[in-house]
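Derivation of every value follows stated rules applied to the coordinates shown; laboratory data play no part. Here the structure is a predicted model, which means the values were calculated and not measured.
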């Protein structure tokens, strides 16, 4: 296969056949011809191909929030289903791993469980290169996603503490995890030339890291004092298209 060329089959998916920039008279299209505006057209057509997206989670941020942020960033319509504990008990047995969040597609015909799996699927489906435009960038993005997920785990120890003693112990662990997380994120941000956490562009890792900072703000905002690099980054990602409108309403902050 010739480098820099995208092969398009005449029997390809219907959404590709409708795209005006595909030369139907030829089976070869140069990647250079597909500019950023045309890539958005591809993404938008893919999105419209889905009959529906239903994100099912509790009426809380938690592990459902970074999925909501991905939807909002790409301005993709979805049903934000927020269950009570009683409603979840009735639905629990039908979930892939008896846990939330879950993503229902095509009127419930397709169901995904696990928050990171859902976030990865949407990032790959809704935005070209949003997981990372190279294999190395994609792997580095995973690194930040899983590091953030580890930090979330320490926050859960506080949220689900059995009593005050357990909560105090959880806060000690969270503070240690939060400090370590911020120190390492700051190190990588200072090495970044673009201001994004991976490469020269925004990826799903930025959404995870931004929400990681949000979690620290909620549990122990004092950890963010004098964190100029972190707060500059926090403001940058909060201001991205689609995200800005959502966080201005849902995430009031005194830090910026």
Starting from the Cα gyration tensor of region 53-211, take the square roots of the eigenvalues, sort them a ≥ b ≥ c, and report rounded, prolate or oblate (rounded when a/c is under 1.5, otherwise prolate if a/b is larger than b/c, else oblate). oblate
Heads up, region 135-250 by the C-alpha gyration tensor (a ≥ b ≥ c square roots of eigenvalues; a/c under 1.5 rounded, else a/b over b/c prolate, else oblate) looks prolate
Compactness ratio of region 200-256: Cα Rg over 2.2 N^0.38 Å, N = residue count? 1.07
How big is the gap, in Å, between the Cα center of region 169-198 and the Cα center of region 127-164? 12 Å
